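These notes are about the structure you will find just below.
The values are calculated or read from the model by the stated rules, or taken from the named source; none is laboratory data. If you're wondering where the values come from, they're calculated on a predicted model, not measured in any experiment. Every residue, glycine among them, receives a Cβ derived from its backbone with ideal geometry; neighbour counts consider all protein chains shown. Heavy atoms of the whole protein, side chains included, go into the accessibility calculation; ligands, DNA and RNA do not. Shrake-Rupley method; radii C 1.70, N 1.55, O 1.52, S 1.80 Å.
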Amino acid sequence: MQYSKKILGLHESATIAVDTLAKKLKAEGKDILSFSAGEPDFDTPKPIKDEAVRALNLGFTKYTPVAGIPELLDAIREKLKRDNGLEYERDEIIVSNGAKQSLFNTFQALIDDGDEVLIPSPYWVTYPELVTYSGGKPVFVPTKQEYNFKASALDFEKHITPKTKALVLTSPNNPTGMVYDKEELTEIAKMAVKHKLWVISDEMYEKLVYGVKFHSIGSLGEDILKQTVTINGLSKSVAMTGWRMGYAASKDKKLVKLMTNLQSQCTSNINSITQKASIIALSLTTEVEQMREAFEARRDEACAIIKRISGISVVKPDGAFYLFIDISKVKGFNGDSMEFCKELLNQKGVALVPGVAFGMDGFVRMSFACSIEDIREGIARIEAFIKS
């Protein structure tokens, strides 16, 4: 049988694969602690669920406009203006089935065969896969631990060629949790405007920052706003991973229309119940802050424990809920993160994601979106594994 070359070149998400394996082993009765999934362990806040039930009882179960109902688009507009200093019209926003579809739509609408997209490494596993599937070429911009895994404007500029069309910016970052400050973003914005590059700004973790201020790159001037596609959603900030709500915003109305055309031919609108619930979710503050504070406390304790373990180290993240742990000095593995994770799972029942999946071997990603008790036990098992 013959299959599409495009689809044969697409790989399964490493983070989902590890999490699926961990759940399978746990279902078989094995003592497994999984720190692999990028999913808050909190329940969706009650006001959101109540609104979903209300919408269901009112019979709001039919097709909606592809890009989202007007009330939701207005709620997103208000949120972006209030929280990010960004102003958009309704026809400059499209709501999709999670930020993954928002990114898929964006790359499909922007990238032609051979176009290059700059992606700082380490990177979220989905970016290069979507760029490649869209016919483009991911060009990785290496970062260093001593510079907090952040790419400077100069780092990006060194990799620009006549084929470069866009760059991906993720702040807070997955897998490192690092946040770009205003000065760093300003320099990147100047560089992008100078070279006429699209900036795809993934801001999914913006609500989860610790002791730093989050800035949207599109808010730094009209020129960079015109070249920025802002990607966000509700999966991380209000624990709505399964609800599948993401959105993209761009001042380029034609781009948004093209993305809407594409979505109309594959998934149409996101489910109607989620749309009604999302209007409430976008205005919540207390519940979001409670989750943020819990994540910050877990981050602080996890980093303090790891600091006392010989052989591994971690740069304390500014945001998100991940630790990107340096295991390059652990004896017997030579920085092979895949082998490290396999043996750790087999011997101690701890599931982490190998750094090689994010384009940087010698590291592993550990999510702290779980109970503090699991974090303590998990790190204790990691320490015992290293000593053995």
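Let's see how each residue does on (1) out of contact with any helix residue (DSSP H, G or I) (no Cβ under 9 Å at 6 or more places or on another chain); (2) acidic (D, E); (3) more than 30 Å from F358 (Cβ to Cβ):
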position: K6; (1), (2), (3): no, no, no
position: T20; (1), (2), (3): yes, no, no
position: S34; (1), (2), (3): no, no, no
position: D83; (1), (2), (3): yes, yes, no
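Only one of K236, K163, K194 is charged (D, E, K, R), at pLDDT 95 or above, open to solvent by 10 Å² or more (accessible area, probe 1.4 Å) and within 27 Å of S278 (Cβ to Cβ); which?
Of K236, K163, K194, the one residue that is charged (D, E, K, R), at pLDDT 95 or above, open to solvent by 10 Å² or more (accessible area, probe 1.4 Å) and within 27 Å of S278 (Cβ to Cβ) is K236.
Show the residue pairs meeting these rules: Cβ distance below 7 Å; 6+ apart or different chains; first residue within region 297-318 and touching a residue at least 40 places away in the same chain (Cβ under 8 Å); second residue hydroxyl-bearing (S, T, Y) and assigned to a loop (DSSP other than H, G, I, E, B).
Pairs found: R299/Y210; P317/T176; D318/Y210.
Need the failing condition index for I305 against (1) open to solvent by 10 Å² or more (accessible area, probe 1.4 Å); (2) assigned to a helix (DSSP H, G or I); (3) closer than 25 Å to T20 by Cβ; (4) touching a helix residue (DSSP H, G or I) at 6+ places or on another chain (Cβ under 9 Å), just the number.
Among (1) open to solvent by 10 Å² or more (accessible area, probe 1.4 Å); (2) assigned to a helix (DSSP H, G or I); (3) closer than 25 Å to T20 by Cβ; (4) touching a helix residue (DSSP H, G or I) at 6+ places or on another chain (Cβ under 9 Å), I305 violates only (3).
Test each condition in (1) in contact with a helix residue (DSSP H, G or I) (Cβ under 7 Å, 6 or more places away or on another chain); (2) at pLDDT below 95; (3) over 30 Å from D252 (Cβ atoms) for P47 and report the one that comes out false.
(2)
For Y127, state whether it is among the aromatic types (F, W, Y), open to solvent by 10 Å² or more (accessible area, probe 1.4 Å) and either within 30 Å of S367 (Cα to Cα) or at pLDDT 95 or above (or both).
Working: among the aromatic types (F, W, Y): yes; open to solvent by 10 Å² or more (accessible area, probe 1.4 Å): no; either within 30 Å of S367 (Cα to Cα) or at pLDDT 95 or above (or both): yes.
No, not satisfied.
Looking at (1) among the β-branched types (V, I, T); (2) under 25 Å from the mean Cα position of the chain (by Cα); (3) more than 19 Å from V238 (Cα to Cα); (4) open to solvent by 10 Å² or more (accessible area, probe 1.4 Å), which is the only condition T106 fails?
(4)
Hand me the list of strands (runs of 3 or more DSSP E) wholly inside region 187-279 holding 2 or more residues that are under 30 Å from L58 (Cα atoms). Please lay out each step first, then the result.
Numbers: elements: 198-202, 228-233, 246-249.
Those strands (runs of 3 or more DSSP E) span 228-233, 246-249.
Within region 35-71, which residues are in contact with an Asp or Glu (Cβ under 6 Å, 6 or more places away or on another chain) and polar (S, T, N, Q)?
At the first step, the residues of region 35-71 found to be in contact with an Asp or Glu (Cβ under 6 Å, 6 or more places away or on another chain) are 36-37, 45.
Hit for region 35-71 is S36, nothing else.
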